[in-house]
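Below is one structure; the comments refer to it alone.
The values are calculated or read from the model by the stated rules, or taken from the named source; none is laboratory data. Just so you know, these numbers come straight off a predicted model, no measurement behind them. Here Cβ is always computed from backbone atoms with ideal geometry, including for glycine, and neighbour counts include all displayed protein chains.
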Amino acid sequence: MSTVIIEVSGVVGTITLNRPKVNALSRELIEDITTALDSMKEQNLRVVLLRAMPGVKVFSAGHEVTELPTNGRDPLTYNDPLRQVVRAIQTHPCPVIAMIEGSVWGGACEMVMSCDLIVASEQATFAITPAKLGVPYNISGILNFMKVASIPFIKEMLFTAQPVAAQRLMDCGVINHVVPTAELESFTHQLAMQIGMVSPLVLRILKEELRVLTSAHPIPPEVYERIQALRREVYDSEDYQEGIRAFFEKRKPVFHCK
Ligand code: YXS
């Protein structure tokens, strides 16, 4: 059974996450999302919507924790499924609008924030949780967060690992619109139709221009190596093991490393 539902209506394609229980981003779910995006490239679409089933409490619980390595391997390398879906969204030739109900966790926040626009219901929340799980987020992911929000705001979300209301993210310019849940679908479809009326060629070029310009981070090799060494300090630590163990034992982690 596919973990996504694909629908096409006119020039708008919709990908609905449908992996029980909480749309955790497993390799299977990511592959289904990227396959759906690839199939939509072949159709004459102008906009893609990314959503979960109507009425969900959890839009996505983030990376599938059971697929995070615990054997000293980097948990978020270039080919990790989460990195793959972020790149697939960023390079998709037409705008991807995230339509958010429920709570968004961990790497799912980066996936949603990598969409071109975000429309969220008033009750939606976003929690960036690597610090709670003891996971060393990677360079591309941090840079993606830095593209959409101020450093103080990103630090607060990363350091507290707590859910933040959609309205606060809109006030900080991360989310485009916050609407009542009952209006979420109609509002988002109206926005999609507005975008669908302009030149698809110009849309494609503008999206790629913005991607390339916002990805132009001249990082000297020594800086890259320093960051990788810092991240290895985390994923080689006992705290990383403790964070994942505590998750499965459904208890609060006890972190010792400083
Ligand atoms: O015990 P069962 O079998 O029913 O399974 C439970 C949870 O273990 C499971 N589950 C997950 N499984 C794999 N990966 C996950 N990320 C994940 N999250 C949850 O789903 C079943 C229902 O969860 P439960 O009982 O807690 O439901 P709830 O409604 O009380 O709470 C839903 C959540 C999402 C608020 C809660 O499950 C939760 O806080 N999940 C963890 C959210 C999180 O911290 N995600 C970050 C994952 S790591 C990641 O994305 C990046 C690597 S990073 O950390 O760097 O951002």
Problem set entry | Within the range 77-96, considering residues that are buried (at least 22 other Cβ atoms within 10 Å of the Cβ) and within 11 Å of the ligand (Cβ to nearest atom), the one nearest to Met113 (Cα to Cα) | Leu82
For this session: Scan the range 19-40 for residues that are surrounded by fewer than 17 Cβ atoms within 10 Å (Cβ to Cβ) and within 15 Å of the ligand (Cβ to nearest atom) and jot them down.
Result: Pro20, Lys21, Arg27, Glu28
Problem set entry | Top-ranked residue of the range 52-69 - restricted to ones that are within 18 Å of Met99 (Cβ to Cβ) and assigned to a strand (DSSP E or B), ranked as farthest from the ligand (Cβ to nearest atom) | Ala52
Exercise. Are any residues in the range 79-94 within 15 Å of the chain's Cα centre (by Cα) and not polar (S, T, N, Q), and if so, which ones?
Worked result: Asp80, Pro81, Leu82, Arg83, Val85, Val86, Arg87, Ala88, Ile89, His92
Exercise. Yes or no: Gly13 touching an Asp or Glu at 6+ places or on another chain (Cβ under 8 Å) and more than 16 Å from the ligand (Cβ to nearest atom)?
Worked result: yes
Problem set entry | Residues located in the range 124-157, provided they are more than 9 Å from the ligand (Cβ to nearest atom), farther than 18 Å from Val223 by Cα and part of a helix (DSSP H, G or I) | Phe145, Lys147, Val148, Ile151, Pro152, Phe153, Ile154, Lys155, Glu156, Met157
For this session: Might you check whether a residue that is within 23 Å of the chain's Cα centre (by Cα), modelled with pLDDT under 95 and within 23 Å of Met99 (Cα to Cα) occurs anywhere in the range 195-203?
Result: yes
Exercise. Condition test on Asn71, is it within 27 Å of Val254 (Cβ to Cβ) and surrounded by fewer than 22 Cβ atoms within 10 Å (Cβ to Cβ)?
Worked result: yes
For this session: Would you mind telling me which numbered condition in (1) within 13 Å of the ligand (Cβ to nearest atom); (2) at pLDDT 95 or above; (3) buried (at least 16 other Cβ atoms within 10 Å of the Cβ) Gln162 fails?
Result: (3)
For this session: Filter the range 19-51 down to residues that are part of a loop (DSSP other than H, G, I, E, B) and touching a helix residue (DSSP H, G or I) at 6+ places or on another chain (Cβ under 9 Å), then give me how many there are.
Result: 7
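Conditions (1) in contact (Cβ under 8 Å) with a residue 24 or more places away in the chain; (2) within 16 Å of the ligand (Cβ to nearest atom); (3) not in a loop (DSSP other than H, G, I, E, B), marked per residue:
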{"residue": "Leu184", "(1), (2), (3)": "yes, no, yes"}
{"residue": "Ile205", "(1), (2), (3)": "no, no, yes"}
{"residue": "Arg232", "(1), (2), (3)": "yes, yes, yes"}
{"residue": "Cys257", "(1), (2), (3)": "no, no, no"}
